Amino acid sequence: MDAYQSLLRPVFMTKQATPTIDVTTCTDEQLVALSLKNPDMYALLMQRFEDRLLRYIMRISGGTIEDAQDILQDVFISAYLNLNDFDQELKFSSWVYRIAHNKVISHYRKVTARPKTTTYEGDNELLNILASDDDLMRDLDKKYTAEQVRAILDAMDERYREVLVLKFLEDKDYKELSDILQKPMGTVATLINRAKKQFREKSIQFINKS
Amino acid sequence: MSKVSDNVLETIKTCKLCPKPKWQFLLKNYVIWSAFAVAVILGSFSFSVALHMIVTGDWDIYEYSGKSFFEFCLIILPLSWIIVLGAFAFLAFYNWKHTKHGYRYRTYAIMLLSIGASGIFGFLLYNAGFGKKVDAMVSKSLPFYHKSKDDAMDALWLQPDRGLLSGKIVEIQDSQAIVIEDSSGEKWDVQITEETIKKDCCKKKGKSVRIIGKKGQRSEQQKEKEFVAREIRLDDGDDDADDNAFVTREKWQEEMEEKEEKNEE
């Protein structure tokens, strides 16, 4: 039998070379499929989204960085548990941003005091971005600091603030906004228009105060 | 790796967390879609009943009713079924919104879709006779519904001074007279003349009828009040109505004549 096996071994029992996957070139959606088989792959997904999600959470909620990191941890755990519910028709970024959006809302519903928001580099550019996008904004003085822009955003309605952050600071398009906020695209367009109007009104109030 | 990623990975491994199985999400989707379909189907039945009641409603007696058009509509229109239809439309909308891509559609579009779907299927059900059957079934099962229909009927038809009367046939005296008892227990001696229009054929004891005519004078000897009938209608929703027992006017007259002959003998 040993002789028989030793004859057959080269033909039938040769170990085939395991194909190697270059995970750095995988799309987010491919990494989702790999993470379902191997949790260590999920670490790569987290690395890709950690910074921008943390920034997004800080921008729409404020609070301490520790609070934001706690929320981010919840977001990643929730995303992992629901990986099989990931809809391949969506971008993974839209899906994970949606989870982050929902977690922030549910977290801050429990907190009665309104937290202060945090500034990030580039926030002062918001006015320029808005101005290039809309005639309404062109006549506003664009020399605001990031803190001033944040103060204006702070004074805004939560829904409008969030949609401005997603559209102009997180650079999401209408479809992504629709998928993140789970609203029809028409509603998203209306929200953006109202947000810009409110931003303009708050800016003028800010100018008059100062 | 950062602190957050490390913590998450450690939590996953320590707590042995696993992604929820796909079948759970599939099952949830199937349940939501099924609930949507059920809401549309039940809405269709409501639509068919409402349509049946609107079509068979006594719209032509508005001029006799002495009520404003708004009051008249409140009595005639099947408001409870319209509310039920609205409730099922809302339920369908709620379930649609919770489907995977339901959020992509505007509220009015989803409501129109669910009411439209209920309307189309409801129309087909009405044509197949389900509107009347469901109405009769609900009347038998829910006493308060039956009572509310009777109360609405009385509000409209129990106005003898205006020439409107409704009640159950308690006695058939001859071919020209029947006695009916209204909902308040009052008995009426209804005179049938040559000019009387009998819309849905004729009389068997126990049938509910609605009569347009004129209140007569009551003499001291008469126990019952008098009413001269110009038109008699069978109550479509009469629970005791035996469709197979309908007789034509000619047959009814023959039976009355035979009865009179037997009495004479």
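The values are calculated or read from the model by the stated rules, or taken from the named source; none is laboratory data. Just so we're clear, the structure is a prediction, and the values are computed from it rather than from any experiment. Every residue, glycine as well, gets a Cβ built from its backbone with ideal geometry; the counts of neighbours run over all protein chains shown. Please note that ligands, DNA and RNA were not included when accessible areas were found on the heavy atoms of the full protein model with its side chains. Shrake-Rupley method; radii C 1.70, N 1.55, O 1.52, S 1.80 Å.
Backbone phi angles across region B:89-103, fed through the Karplus curve with coefficients 6.51, -1.76 and 1.60 (θ = phi - 60°), yield HN-Hα couplings of 5, 5, 4, 5, 4, 4, 5, 4, 4, 8, 6, 4, 10, x, 5 Hz in residue order; Gly and Pro are listed as x.
Across region A:63-72, computed HN-Hα scalar couplings (Karplus, 6.51 cos²θ - 1.76 cosθ + 1.60, θ = phi - 60°) run x, 7, 5, 5, 4, 5, 5, 5, 5, 4 Hz from first to last residue, x flagging Gly and Pro. P(r) for region A:36-103: what percent of alpha-carbon pairs falls in each 5 Å bin, starting at zero? The calculated distribution, bin by bin, is 3, 16, 31, 26, 15, 7, 2, 0. Per the accessible-area calculation with a 1.4 Å probe, the total area buried between chain B and chain A rounds to 2500 Å². For region B:51-94, the solvent-accessible area with a 1.4 angstrom probe is 56 square angstrom per residue. Inter-chain neighbour count for A:186-193: the average number of beta-carbon atoms from partner chains within 10 Å of each residue's beta-carbon is 1.
Inter-chain neighbour count for A:76-86: the average number of beta-carbon atoms from partner chains within 10 Å of each residue's beta-carbon is 5.
Highest-first packing order for the peptide set A:172-184, B:103-115 is A:172-184, B:103-115, based on the mean count of other beta carbon atoms within 10 Å.
Sorting B:139-148, B:52-61 by average packing, meaning the other beta carbons within 10 Å per residue, from highest down gives B:52-61, B:139-148. When a/c reaches 1.5 or more, the comparison of a/b and b/c decides; with that in mind, is region B:120-214 rounded, prolate or oblate per its Cα gyration tensor? Here region B:120-214 falls in the prolate category. Highest average first, the peptides B:45-51, A:72-78 ordered by how many other beta carbon atoms sit within 10 Å of their residues are B:45-51, A:72-78. Taken along its principal axes, the alpha carbon cloud of region B:60-173 reaches lengths of 68, 31, 25 Å, longest axis first.
Taken over the alpha carbons of region B:49-111 as equal point scatterers, the Debye sum produces base-10 log I(q)/I(0) values at 0.12, 0.23, 0.25 Å⁻¹ of -0.48, -0.90, -0.98. Structure note, pairs B:LYS187/B:LYS214; A:LYS167/B:LYS3; B:LYS140/B:LYS205; A:LYS167/A:LYS197; B:LYS187/B:LYS207: Cα-Cα distances above 18 angstrom occur for A:LYS167/B:LYS3; B:LYS140/B:LYS205. Counting Cβ atoms of other protein chains within 10 Å of each Cβ in A:174-181 and taking the mean gives 1. Restricting the calculation to alpha carbons of region A:142-210 gives Rg and Dmax of 12.6, 39 angstrom.
Of the listed residues A:HIS101, A:HIS107, B:HIS98, the order by accessible area with a 1.4 Å probe, largest first, is B:HIS98, A:HIS107, A:HIS101. Taking the centroid of alpha carbons for each part, region A:152-194 and region B:27-85 are 40 Å apart. Close amide H pairs (under 5 Å, H built 1.01 Å from N) link B:ASP174 with no residue at least 5 positions away or on another chain.
Please state, rounded to one decimal and in Å, the Kirkwood hydrodynamic radius that region B:7-123 gives when every pair of distinct Cα atoms enters the mean of 1/r.
Mean inverse Cα-Cα distance, inverted, gives 17.3 Å.
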